[in-house]
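One structure is given here, and the rest of the page talks about it.
Nothing in this text is a laboratory measurement; each read-out follows from the coordinates by a stated rule. On a predicted model such as this, the values are computed, not experimentally measured, just so you know. Counting neighbours? That spans all protein chains shown, and the Cβs are built from the backbone with ideal geometry, glycine included.
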Amino acid sequence: MKKRPDACRYFHLALLAAIAGSALAGFTAPCRAAAPYAFNGTRAFSYLERLVDFGPRPAGSKALAATRQWIIGQLKRSGWSVEEDAFTADTPIGAIPMVNLIAKLPAASHKVIMIAGHYDTKRFPNFRFVGANDGGSSAAFLLELARILPRQKHRFTYWLVFFDGEEAIQHWSPTDGVYGSRHLVARLTSDGKLDRIQAMILVDMVAGTDLEIHPDANSTAWLNRIVFRTADRLGYKRNFRASPTAIDDDHLPFINAGVSAIDIIGLDYGPGTNPFGGYWHTAQDTVQHCSPASLTIVGRVVLATLEELEQSQRLP
Ligand SMILES: [Zn+2]
């Protein structure tokens, strides 16, 4: 993961502002006191540590299969039904079996809010890559949400989706990467279920110390607006910055298929000149460079965003 074309940065700034203005014209934010948010970053961090204990977890590996079984157990213990969405990916090194996990929590409305992340890690033959932030954090985040959401009243059906094969097997390209996301969009489209999804919230690399999140210019404008306004309201302006960039990630196949989606992704993970920070895709992506506090911040923002969506009379 995940391409970050900086050349587009300023074009997208203007585009984002224009789209946000028009798309939000009909959206009314609820005026309510903040609910007691129960996202436990320490617990989420313990999930992250457990995931890292499985070792490198590339698509098709035994370690990822064991990780998957552990995740399924956690989800079922939290009261979710879990669908294993198995498929075979055509990759530059041949066919690789992959499995998305789709945890479902039904409600009166069959309309779906999807919260998603990836649980695979990128394969690196020359060093041990455990992907604490890149892969571990999103799966850990979803597991903590899985614990909370069944305890709340909600009118939307919720899906928690753990994508397999987010990482490129060799080099990031339109045909090498986001295998699970591309597969699920194609399947939901052929099943006629894609339009049930009212919003997709993707989280990726959300545990890095010194969390820094910028609006993704590829994400749907009204979702960017709600998430960043919510972060501002909760006092997290230092972590949710104002400088848009453009990210390719698991949300793009959904956006390209017409689904409203946002990628909440941490940038500048560690010092250095890597596009996502110095620890990104290195042996330094370890639990030592991750923080329960960062998971708590993103958890509170996402839960408050979900509350806004639940309270709104109509989504944009
Ligand atoms: Zn990655």
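Between the alpha-carbon centres of region 93-160 and region 196-211 there is a gap of 10 Å.
Restricted to Cα atoms, the chain shows a radius of gyration and a Dmax of 17.9, 53 angstrom. Of the trypsin sites (Lys or Arg not before Pro) found in region 217-310, the ones in coil according to DSSP and having at most 12 other Cβ atoms within 10 Å of their Cβ are K237, R238.
Which translational diffusion coefficient, to the nearest whole µm²/s, is obtained for region 240-316 from the Stokes-Einstein equation, given a Kirkwood hydrodynamic radius over C-alpha pairs, 4 °C and 1.567 mPa s?
Details: Rh = 15.0 Å.
Result for D is 86 µm²/s.
The mean sequence distance of close C-alpha pairs (under 8 Å, at least 6 residues apart), as a share of the length of region 160-211, puts its relative contact order at 23 percent.
Hey, got the dipole for region 133-251? About the Cα centre, +1 on K and R Cβ, -1 on D and E Cβ, debye to the nearest 20? Can you show the working numbers first?
Working: 14 positive and 16 negative charges, 192 e Å.
Here region 133-251 has a charge dipole of around 920 debye.
A Cβ-based charge dipole, computed about the Cα centre of the chain with Lys and Arg at +1 and Asp and Glu at -1, lands at about 900 debye. Computed from point charges on the beta carbon alone (+1 for Lys and Arg, -1 for Asp and Glu), the dipole magnitude for region 224-316 about its Cα centre is near 440 Debye. Considering only A95, A44, A207, the Gaussian network model of the chain with Cα springs below 10 Å gives its largest mean-square fluctuation to A95.
Which values of log₁₀ I(q)/I(0), to two decimal places, follow from the Debye formula for region 54-110 at q = 0.18, 0.20 Å⁻¹ with a uniform point scatterer at every Cα? Rounded to two decimals, the profile gives -0.70, -0.80. The mean sequence distance of close C-alpha pairs (under 8 Å, at least 6 residues apart), as a share of the length of the chain, puts its relative contact order at 26 percent. Restriction of the trypsin sites (Lys or Arg not before Pro) in region 138-203 to DSSP coil positions whose beta-carbon has at most 14 other beta-carbons within 10 angstrom yields K153, R155, K193. Of I262, L315, N218, which is farthest towards the positive pole of region 176-316's charge dipole, taken about the Cα centre with +1 and -1 on the beta-carbons of Lys, Arg and Asp, Glu respectively? Going by the charge dipole, the pick is L315. Under 10 Å, Cα contacts only: if you run a Gaussian network model on the chain, which one of G177, G55, G165 comes out with the highest mean-square fluctuation? The residue that fluctuates most here is G55.
GNM on the chain, alpha-carbon springs under 10 angstrom: the most fluctuating residue among A304, A108, A217 is A108.
State the antiparallel share, in %, of DSSP beta bridges confined to the chain, rounding to the nearest 5. Don't skip to the end; give the middle numbers.
On the way: 19 of 38 bridges.
Close to 50 percent.
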